[in-house]
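Notes for the one structure printed next.
Each value in this text was obtained by applying a stated rule to the coordinates, not by laboratory testing. Not measured: the values here are computed from a predicted model. Positions of Cβ are generated from backbone atoms using ideal geometry, with glycine treated the same way; all protein chains shown enter the neighbour counts.
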Amino acid sequence: MRPATKTLELPPDGRQSEPALAIARGTMRLLLAHGFSCVSELSLASGRRADLVGIDPAGEIWIVEIKSSVADFRADQKWQDYRLHCDRLFFATTQEVPCEIFPADTGLIVADAFGAHIVCEAPEHRLPAATRKSMMLNFARAASLRLQSLMDPAGPYADAD
């Protein structure tokens, strides 16, 4: 008889709406299919928090800003700062949000909880080497600390990343 496997889950963040969580889940599946590993809610050197950051095996970095409604997009213009931290910048949204509201110089992903597709590719703007290294270290540290917090929920990891 096989021992039961235990499923570890990150505690809910509480900042995202249910539609935003569904968009994130589908988008992360898409990014994985494109060879990217993802971290959600990654703090950036600028003090901002990116909704999703993906890194592929070649070190290319994508940031995906999730917008679950027109009001969500109009209320938040901080996404422009994210360009300084990625090679490509995308928005991810639902099928109900009109694509025309998103800037033409960003990529666009349409998603639901089960998957996503790229509607418009994001233009490339390569990061300087020092920024890439900083982002990769930040990504690795956040991912590691989150895994550690799953293994040791009572540990001092709450504010570490």
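Multiply the residue separation of GLU41 and MET136 by 0.36 nm, subtract the distance between their alpha-carbon atoms, and state the gained length in nm to one decimal.
Contour length minus the Cα-Cα distance gives 32.7 nm.
For region 105-147, what does the relative contact order come out to in percent, with C-alpha contacts under 8 Å and a separation of six or more?
Computed over region 105-147, the figure is 27 percent.
Just need the relative contact order of region 18-150 here, percent rounded to a whole number, with Cα pairs under 8 Å and 6+ apart.
Details: 244 pairs, mean separation 34.0, N = 133.
The value is 26 percent.
Run through region 93-123 and list the GluC sites (Glu not before Pro) located in a DSSP loop whose Cβ has at most 13 other Cβ atoms within 10 Å.
GLU96, GLU121
Sort 81-88, 70-77, 29-36 by the packing proxy (mean of other Cβ within 10 Å over each peptide's residues), most packed first. It would help to have the intermediate numbers written out before the result.
Working: 81-88: 19.4, 70-77: 11.9, 29-36: 15.5.
Highest to lowest by the protection proxy: 81-88, 29-36, 70-77.
How much length, in nm to one decimal, is gained on full extension between HIS125 and HIS34, taken as 0.36 nm per residue of separation minus their Cα-Cα distance? Don't jump to the answer; show the numbers that get you there.
Working: separation 91, 0.36 × 91 = 32.76 nm, distance 1.87 nm.
Between HIS125 and HIS34, full extension yields 30.9 nm more.
To the nearest 10 degrees, how steeply does helix 129-151 sit against the main Cα axis of the chain, on a 0 to 90 scale?
Between helix and principal axis, roughly 40 degrees.
Quick one: Kirkwood hydrodynamic radius for the chain, alpha-carbon pairs, angstrom, one decimal?
16.5
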